[in-house]
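The block underneath contains the structure these notes are about, expressed in C-alpha cells.
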Amino acid sequence: MTKGKPRKAPRPSKDEIRLGILKLLYHERVKSGTRKRYLWSKLRAKIRSELKFTPAETTHNLDYLIQNGLLEKETEPYTGPRSRSFGTERELYGLSAKAIDLFEGDSMFSAKTPVQEIVVAGDQNIVQVGPNTYAYVQYQNLQSALNELLRAVILSEELSSEKKVEAIAEVKTIQAQLMKREPDKTLMNRLKEALGPLANVAGISNFLLNVLRHWPF
C-alpha cells in the first residue's frame, strides 16, 4: 500500500498575514527603541525571510497596509555618489501612528484618565496584558486573545465598516468586564454569542476560536 503525498499546510489568510507583518515591525521597533524605516526591497526581503510568506503574499499585503495608512512612505534625498546611481530621492517605509495604536490602544495624552493610574494603586490581582490593557490575572489569556481578535477585525477587508464597529464595540465591552473580579456572566455570554458570526469570516475565525479556548464563563 503506497502512501499518499502529505498534505500541504493551508496558507495563512490575508488578515493573518497583515497582522503578522505589523506585529513583526512593531515588536522590532519596541525592542530597538528606534523608529525603523526600510527601503521597499529590504522590507519585502525581511518579511519573506522572517515570516516565510510568498512574494505575492508579501507584496499584495504590504500594498494593502500602505493604502490603508498602517504603513507610511517617506522620501529623503540621496547625497553624494549615490544620487548619481540611484536618483535624487529614495523611498522608505515604516509603521504609522495608526498601526502603533493597534497595539498600544489609548495614549496617556488622550483626554481619558489612563487606566494605569487607577490599577497601579488598586487590586494587585490585576495584571497588564498589553500597553494599556489590563485584566484580573485569571483572565489574562482571554484578554490577550481578545486583543488579537480586535486587531484582526480592524485589519479585515471582509467586514463592512458597520460590522467592524459592532464587533469592536462588543470586544471592548468584554475587555472592560475582565477588569472586574466577577464579570457579569450573563452579559459576557450574550456578547460572545454576538461575536459568533465572525467564525464565518475568513482570516478572523482562527482568532475567535482562540478567544473561545480561553472562555471560562
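The values are calculated or read from the model by the stated rules, or taken from the named source; none is laboratory data. Since we're looking at a predicted model, the values are computed, not measured. No Cβ is skipped: glycine too gets one built from the backbone with ideal geometry, and neighbour counts run over all protein chains shown.
Tabulated data for the structure shown
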read-out	value
Matching helices (runs of 4 or more DSSP H) fully within region 124-217 where at least 3 residues are touching a strand residue (DSSP E or B) at 6+ places or on another chain (Cβ under 9 Å)	140-155
Residue satisfying condition, being surrounded by fewer than 19 Cβ atoms within 10 Å (Cβ to Cβ) and in contact with a Ser or Thr (Cβ under 7 Å, 6 or more places away or on another chain), within set ALA169, ALA176, ALA202	ALA202
Some residue of region 188-195 being farther than 30 Å from TYR64 by Cα and buried (at least 16 other Cβ atoms within 10 Å of the Cβ)	yes
Region 16-69 - residue that is more than 21 Å from LEU102 (Cα to Cα) and of a type in the set (Gly, Ala, Ser) and, of those, surrounded by the most Cβ atoms within 10 Å (Cβ to Cβ)	ALA45
Test: residue in region 143-150 that is under 15 Å from the mean Cα position of the chain (by Cα), aliphatic (A, V, I, L, M) and surrounded by fewer than 19 Cβ atoms within 10 Å (Cβ to Cβ)	no
Number of the exception - PHE53 against (1) more than 18 Å from GLU16 (Cα to Cα); (2) part of a loop (DSSP other than H, G, I, E, B); (3) within 19 Å of the chain's Cα centre (by Cα)	(1)
Filter pass, ASN61 being closer than 24 Å to ARG90 by Cβ, out of contact with any Pro (no Cβ under 7 Å at 6 or more places or on another chain) and at pLDDT 90 or above	yes
Any pair with Cβ under 6 angstrom, 6 or more apart, that starts in region 15-44 at a residue that is free of Cβ contacts under 8 Å to residues at least 40 places away in the same chain and outside the structural domain of ALA152 (by TED's automatic domain parsing) and ends at one that is assigned to a helix (DSSP H, G or I) and not β-branched (Val, Ile, Thr)	GLY20/LEU51
Unique residue being at pLDDT below 90 and either more than 21 Å from SER161 (Cβ to Cβ) or not assigned by TED's automatic domain parsing to the domain that holds GLN128 (or both) when the list is ARG190, ARG181	ARG181
